[in-house]
1. Mind listing just one residue for me: the one in segment 164-188 that is assigned to a strand (DSSP E or B) and free of Cβ contacts under 8 Å to residues at least 24 places away in the same chain and, of those, surrounded by the most Cβ atoms within 10 Å (Cβ to Cβ)?
2. In the set 124, 199, which member is loosely packed, with under 13 Cβ neighbours inside 10 Å and hydrophobic (A, V, I, L, M, F, W, C)?
Amino acid sequence: MVRVLIIEDETISSKHIINLLKDYSSETFIMEAITESVLDTIKWFMNNDDCDMDRLLKIISQKNSDPSISKLLRLKKKAKKNKSLKTEDRKIDKERFLVKLGKKYIPLKTEDIAYFYKDDIVFAKSFNGNSYPINSSLNTIESLIDTNTFFRVNRKMIININAIEYLAQYRPGQLTIKVSPKFEEIIILSQEKSSGLKALLSYSL
């Protein structure tokens, strides 16, 4: 299915274009609208910003419209294929970790984790203050979780940005972070990490 917007100020020409498209192929053309002015066209695009775009100019006859429409359909198929590939390649973020508490195994939601930290082994600290050992490296965890929510502050820690109480100046270009639940050691960010975290927080607001 191809959605079509016709921009034409002459009714006869608009009908002619519609007939050419109907006669072209078995591809289904859906006439979304006909606009007669630049202003009307802009308004239509403002209200329909989810559309892909290509254009055909000066459709006069079946003969000169065929190559243009063929190209349009080829581009449409290519775009559909690329979109499918992107969907297949999209990373699915890990939603929970199976953690051990005593003799019990508990499914811990990733969104309930304030930060991951390494102290000989890796732990997950939940927002309710509990620490759970995680049988994965921080590098592995980083590859599994949502990087728009979690940020690798250094080699020993990944934090959930929702656990941040505030950032403070440490040295020129460097920051320290106060998180909740409290982390006993001072969390210092390098200049590069400081810039990256500020950018992420600005984007997330």
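The values are calculated or read from the model by the stated rules, or taken from the named source; none is laboratory data. Only a predicted model underlies this, so the values are computations on that prediction, with no experimental measurement involved. Reconstructed Cβ throughout: ideal geometry from the backbone, glycine too, with neighbour counts over all protein chains shown.
1. 175
2. Criteria check complete, one pass: 199.
Rundown of residues vs (1) in a strand (DSSP E or B); (2) more than 18 Å from residue 178 (Cβ to Cβ); (3) modelled with pLDDT under 95; (4) in contact with a Pro (Cβ under 8 Å, 6 or more places away or on another chain), yes/no style:
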| residue | (1), (2), (3), (4) |
| --- | --- |
| 122 | yes, yes, no, yes |
| 125 | yes, no, no, yes |
| 136 | no, yes, yes, no |
| 143 | no, yes, yes, no |
| 146 | no, yes, yes, no |
| 158 | yes, no, no, no |
| 162 | no, no, no, no |
